[in-house]
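The values are calculated or read from the model by the stated rules, or taken from the named source; none is laboratory data. Bear in mind that the values here come from a model prediction, so they are computed numbers and not experimental data. Counting neighbours? That spans all protein chains shown, and the Cβs are built from the backbone with ideal geometry, glycine included.
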Amino acid sequence: MKISVIGTGYVGLVTGSCLAEVGNNVLCLDLDAAKIEALNASSITIFEPGLQELVRTNVAAGRLHFTTSVQEAVAFGQIQFIAVGTPPDEDGSADMQYVLAAARSIGLHMVEEKLVVNKSTVPVGTAERVRAAIAEELATRDVQLTWHVASNPEFLKEGAAVEDFMRPDRIVIGTDSDFATDLLRELYVPFQRNHERLVVMDIASAELTKYAANAMLATRISFMNELANLAEKLGADIEQVRRGIGSDQRIGYHFLYAGTGYGGSCFPKDVQALQRTAQQVGVPLRVLEAVEATNNAQKLVLVEKLVARFGENLRGKRFAMWGLAFKPNTDDMRAAPSRAIMERLWALGATVQAYDPVAMDEARRLYGDRADLQLVNSPMDALKGADALLIVTEWKPFKSPDFALMKQLLNQPVVFDGRNLYDPARVRAAGLEYFSVGRADA
Ligand SMILES: NC(=O)c1ccc[n+]([C@@H]2O[C@H](COP(=O)([O-])OP(=O)(O)OC[C@H]3O[C@@H](n4cnc5c(N)ncnc54)[C@H](O)[C@@H]3O)[C@@H](O)[C@H]2O)c1
């Protein structure tokens, strides 16, 4: 099939590359000329395991192309995927300007029957707004055409995006036309060889499904974080509680880790956007209000522990930080707990010495050169002369460190572990003072 993908970020680039990988002919459009120039040289600007290779091989095979020409992209694909950003607006609702601009550009240039598929995460009703925007452009041009709009929300995870797209748990399709259903069913055949993964539903339900999924996952995280804070006070261990409840098949083990809160480009904005949608129709989402408030507080739980240990005035203190990305295997720092933590430490007068396996360029881009942030080349370099270590992202190389060397390098042998990576008894036996989340600190 010939497919156009509008928006070449995490979702658009993964979608385009994976669809090319199974034999489709794909043209990806982005308005960011620098991004397209890099992609035309098979170089990607984000860190995502396996993606660079996928782009390179599919470009070389002549199945994957990139352009900044809207006209070319609209002319190319029978299916037009919209995969542009939907960032939070000032009031927390999803900002629809990029989605609607993409829809307008389709209406402006379309000359034959197309299926427009919305892959961006969008509030219920967006497909209708996309349809109206296209209709308006066609009417202005006085052109009569048949076209279809469908919803196909994306569930990939950054850090495992290619794997998730290639082997999805499910593919949600929201349609109101057999044409759209049939075409999308055919497109996704290669991704469901061993069993049916397509879940076909009406458009509003598909749009809501994406928010419901992210809201549920965020809820599990905040729930566990609140219980962790309680467990600490009660002398219980949240890791044991996690295993105790995760073994119940109705609950399961996923997304039950207590820590420093969720971040990233999706959960925070989607939890907010769903609340705004609900407010607009007069349905309060009290659970989600609490999920968001709990998460905002949890991002600073390590700083609270640190202040309890070192006092409010951190002037002259230097802290090591392991992990900047909002989760492992990505360089994404959008709404990352590391940012809330660093910014609070700076406000209290401290200096941060940080290491992340892939997100340091992103940290440089976000914060530039500043005297209170040193980005260093290894986890152990971060410890040199530091008054304590804060572990913020659970990258694999942090999981089994040399505790004796850590004790030697740190100015004061204190560790605040925001991801509960270690057995407290082992760390303490190595002579380190150890604070974690939801486990007794002494
Ligand atoms: N990142 C994720 O893990 C993830 C997962 C599932 C769903 N989503 C959703 O998918 C959507 C895209 O997310 P993302 O992380 O890929 O965003 P992103 O910010 O990485 O990429 C969006 C891209 O769209 C481009 N763009 C904007 N307007 C355009 C236009 N009119 N024409 C062409 N290009 C345009 C931007 O230049 C940018 O490159 C969002 O709605 C997001 O919520 C994201």
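Values as computed for the structure displayed
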{"read-out": "The range 78-109, residues that are of a type in the set (Gly, Ala, Ser) and either more than 10 Å from the ligand (Cβ to nearest atom) or touching a residue at least 40 places away in the same chain (Cβ under 8 Å) (or both)", "value": "83, 85, 92, 93, 94, 102, 105, 107"}
{"read-out": "The range 190-234, residues that are assigned to a loop (DSSP other than H, G, I, E, B) and either within 23 Å of residue 255 (Cβ to Cβ) or at pLDDT 95 or above (or both)", "value": "197, 202"}
{"read-out": "Residues satisfying the stated conditions in the range 237-271, i.e. small (Gly, Ala, Ser) and either in a helix (DSSP H, G or I) or without any contact (Cβ under 8 Å) to a residue 40 or more places away in the chain (or both)", "value": "244, 246, 247, 252"}
{"read-out": "Subset of the range 380-423 (residues that are of a type outside the set (Lys, Arg) and within 24 Å of the chain's Cα centre (by Cα))", "value": "390, 391, 392, 393, 394, 395, 397, 398, 417, 418, 420, 421"}
{"read-out": "Failed item in (1) among the acidic types (Asp, Glu); (2) out of contact with any helix residue (DSSP H, G or I) (no Cβ under 6 Å at 6 or more places or on another chain); (3) within 10 Å of the ligand (Cβ to nearest atom), with residue 136 passing the rest", "value": "(3)"}
{"read-out": "Search result, residues across the range 17-48 that are touching a residue at least 60 places away in the same chain (Cβ under 8 Å) and surrounded by 16 or more Cβ atoms within 10 Å (Cβ to Cβ)", "value": "17, 18, 19, 21, 24, 46, 47, 48"}
{"read-out": "Unmet requirement for residue 274, which otherwise passes all of (1) away from the ligand (no atom under 14 Å from the Cβ); (2) closer than 25 Å to residue 157 by Cα; (3) not in a loop (DSSP other than H, G, I, E, B)", "value": "(1)"}
{"read-out": "Identity of the residue in the range 252-271, within 16 Å of the ligand (Cβ to nearest atom) and of a type in the set (Phe, Trp, Tyr), that ends up surrounded by the most Cβ atoms within 10 Å (Cβ to Cβ)", "value": "262"}
{"read-out": "Answer residue from the range 185-216, given it is in contact with a Phe, Trp or Tyr (Cβ under 8 Å, 6 or more places away or on another chain) and in contact (Cβ under 8 Å) with a residue 40 or more places away in the chain and is nearest to residue 172 (Cα to Cα) among those", "value": "210"}
{"read-out": "Filter pass, residue 358 being more than 25 Å from residue 394 (Cα to Cα) and not acidic (Asp, Glu)", "value": "no"}
{"read-out": "Residue satisfying all of: in the range 110-129; more than 12 Å from the ligand (Cβ to nearest atom) and within 12 Å of residue 150 (Cβ to Cβ); nearest to the chain's Cα centre (by Cα) among these", "value": "117"}
{"read-out": "Scan of the range 98-144 for residues that are of a type in the set (S, T, N, Q), crowded, with 22+ Cβ neighbours inside 10 Å and assigned to a helix (DSSP H, G or I), ordered by number", "value": "105, 126"}
{"read-out": "Qualifying residue in the range 139-158 (condition: without any contact (Cβ under 8 Å) to a residue 12 or more places away in the chain and either within 29 Å of residue 277 (Cα to Cα) or in the same structural domain as residue 262 (by TED's automatic domain parsing) (or both))", "value": "yes"}
{"read-out": "Residues of the range 25-77 satisfying the condition of being part of a loop (DSSP other than H, G, I, E, B), away from the ligand (no atom under 14 Å from the Cβ) and among the aliphatic types (A, V, I, L, M)", "value": "41, 61"}
{"read-out": "Residue among 402, 441 that is modelled with pLDDT under 95, of a type outside the set (Gly, Ala, Ser) and surrounded by fewer than 20 Cβ atoms within 10 Å (Cβ to Cβ)", "value": "441"}
